[in-house]
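Structure first, commentary second.
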Amino acid sequence: VIPLILEGRDLVGQSSTGSGKTCAFAIPAVQLVDANLRKPQVLILCPTRELAVQVAEEVAKLTLFKKGVRELPVFGGQSYDRQLRGLAAGVQIVIGTPGRVLDHIDRGTLKLDSLKLLILDEADRMLDMGFRDDIERVIQAAPAERQVLFSSATMPPPIRALIKRYSKDPAMVKIEAIAQNAPQVEQV
């Protein structure tokens with residue numbers, strides 16, 4: 001996935017939860033950011049505030065390795081003050097829920113004119129939660145010359161329709177889940 005993103009290809013990544021999708025798209029996203037340009041260059045849409053916070057935490061760990069790159073989670077249920085200050089200060093990576101992202105776009109506090117990369121994380125869940133119209137509005141607000149990544153555990157017909165409509169010759173990467181009775185991973 002990482003080399004395909006760095007090549008500038010649109011991408012559809014399908015694998016089960018916990019398989020490393022976040023790092024697969026966040027590592028090249030951080031790499032592609034111009035640290036000297038203090039405008040949003042990467043937008044990651046997530047279906048829930050919990051996932052937006054989780055993705056933002058992972059992105060924050062990665063931005064430690066690239067000086068000058070800042071991320072900001074934006075989601076409903078959180079005060080606008082922190083989000084407005086963060087956007088005004090000039091962040092390059094915005095991670096948010098569709099509703100709050102659209103709210104900032106409509107207010108003029110989130111401008112997508114410098115956007116290079118739009119990532120739809122857990123796209124299937126966003127559609128299940130009824131965000132299709134919001135997702136389409138965000139995609140349409142993004143520049144025509146941008147890269148789009150769809151990350152999803154499943155690929156139902158509505159996702160395939162979005163991919164067909166909004167991506168250009170996307171690379172397809174599917175990782176099959178391997179059934180294990182007891183995973184051999186110890187988390188500390």
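The values are calculated or read from the model by the stated rules, or taken from the named source; none is laboratory data. What you are looking at is a predicted structure, and each value in this text was computed from that prediction instead of being measured. We place every Cβ from the backbone using ideal geometry, glycine too, and count neighbours over all the protein chains shown. Ligands, DNA and RNA are excluded from the accessible area calculation, which covers all protein heavy atoms including side chains. Shrake-Rupley method; radii C 1.70, N 1.55, O 1.52, S 1.80 Å.
Residues in segment 31-42 that are open to solvent by 10 Å² or more (accessible area, probe 1.4 Å) and under 14 Å from the mean Cα position of the chain (by Cα): 32, 40.
In the list 59, 55, 69, which residue meets the criterion of being touching a helix residue (DSSP H, G or I) at 6+ places or on another chain (Cβ under 9 Å), outside any helix (DSSP H, G or I), touching a residue at least 12 places away in the same chain (Cβ under 8 Å) and open to solvent by less than 60 Å² (accessible area, probe 1.4 Å)? Answer to the check: 69.
Return the residue satisfying two criteria in turn: it lies in segment 159-188 and is assigned to a strand (DSSP E or B) and of a type outside the set (Gly, Ala, Ser), and of such residues it is modelled with the lowest pLDDT. By that ranking, first place goes to 174. Report yes if some residue within segment 101-121 is open to solvent by 30 Å² or more (accessible area, probe 1.4 Å), modelled with pLDDT under 95, closer than 24 Å to residue 60 by Cα and not aromatic (Phe, Trp, Tyr); otherwise report no. Within segment 101-121 (the criterion being open to solvent by 30 Å² or more (accessible area, probe 1.4 Å), modelled with pLDDT under 95, closer than 24 Å to residue 60 by Cα and not aromatic (Phe, Trp, Tyr)), the answer is no, since none of the residues qualifies.
Pairs meeting the criteria (first residue in segment 141-166 and under 14 Å from residue 119 (Cα atoms), second residue charged (D, E, K, R) and in a strand (DSSP E or B), beta carbons under 7 Å, at least 6 apart or on different chains) are 151/121.
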